[in-house]
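The values are calculated or read from the model by the stated rules, or taken from the named source; none is laboratory data. Computed from a prediction, not measured in an experiment: that's the story for all the values here. So basically every Cβ, Gly included, is an ideal-geometry build from the backbone, and we count neighbours across all protein chains shown. When the accessible area is computed, the model is the full protein with side chains, heavy atoms only, and any ligands, DNA or RNA have been set aside. Shrake-Rupley method; radii C 1.70, N 1.55, O 1.52, S 1.80 Å.
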Amino acid sequence: MSELDYGSECAVFDSLGISGIVYETDCTPRRAQKSCLNYSMIYVTDGKGLLRTKSVAKELFPGCVAVIVPSCDWSIENIGGLKYIRIMYFGMEAKQLANQFGIKRTIKLYPGMTDLAELWNPCIQLPNNIAVLRCKGLIYYTFSEIERLSVGSESVKDAPDTAHKIKSFIDNNLTDSELNLNYISEKLSYHPNYISSVFTE
């Protein structure tokens with residue numbers, strides 16, 4: 001595990017500030033709570049794990065991106081060779097991005113982002129000043145890819161499996177009076193536009 005601390009590199013008034021980048025194979029609840037004032041964006045590079053909050057556990061695998069809001073009590077369990085990169089960030093732009101993508105409560109998980117590996121992997125080996133700039137760009141670029149994939153791009157790789165997962169969820173919860181697109185999106189951590197595009201495909 002290696003950690004680079006960039007806290008001194010950024011001012012609290014930055015529209016998007018980077019407070020750290022970490023390459024980890026495990027994250028205990030106690031460690032995670034240290035970043036309670038930051039958003040966290042996680043990119044899984046290898047293996048499998050579980051991202052847990054008080055109410056949910058979501059499976060992590062290579063190519064997953066997870067976004068975690070500040071003050072969320074969370075931990076990651078390594079269940080098989082898990083490796084991931086975590087960027088901690090803050091600022092008004094961080095909050096606006098979270099609102100734009102409907103990340104309001106705890107975590108959102110975006111699978112199928114394997115093409116980002118070549119951009120994420122070099123970050124932890126860069127000098128501090130370059131890594132800060134790279135991380136800011138990565139956050140914006142990752143969100144732009146999430147948006148691109150959510151509007152029905154033909155490059156969505158796991159659409160058939162995702163469609164079966166969504167259909168299964170609907171079938172199992174058909175009698176639930178709260179069942180609607182936003183409810184499904186919240187429970188399965190997929191953007192509503194992505195769910196619609198998967199069924200359109």
Exercise for review: Kindly write out, for region 109-118 in residue order, the coupling ³J(HN,Hα) from the Karplus curve 6.51 cos²θ - 1.76 cosθ + 1.60 (θ = phi - 60°), rounded to whole Hz, with x marking Gly and Pro.
Suggested key: 10, 10, x, x, 9, 5, 5, 7, 4, 5
Point to revise | Pairwise label distance in nanometres, Arg105 with Asn182, each label 7 Å out on the Cα-Cβ vector | key: 1.2 nm
Check your understanding: Given Lys167/Lys187; Lys83/Lys187; Lys104/Lys167; Lys83/Lys104; Lys58/Lys165, which pairs have Cα atoms separated by over 23 Å?
Key -> Lys83/Lys187; Lys104/Lys167; Lys83/Lys104
Point to revise | Cα-Cα separations in region 85-150 greater than 16 Å, expressed as whole percent | key: 50 percent
Exercise for review: Over region 52-112, give the accessible area per residue in Å² for a 1.4 Å probe, as an integer.
Suggested key: 43 Å²
Revision key, fill the gap. Simple spin-label estimate for Lys48/Asn121, 7 Å along Cα→Cβ, in nm, reads 2.2 nm
Review point. Ranked highest first by the average count of other Cβ atoms within 10 Å around their residues, in what order do 53-61, 130-138, 17-25 fall?
Key: 17-25, 130-138, 53-61
Point to revise | Amide H contacts under 5 Å for Leu60, placed H, 5+ residues apart | key: Gly49, Leu50, Leu51
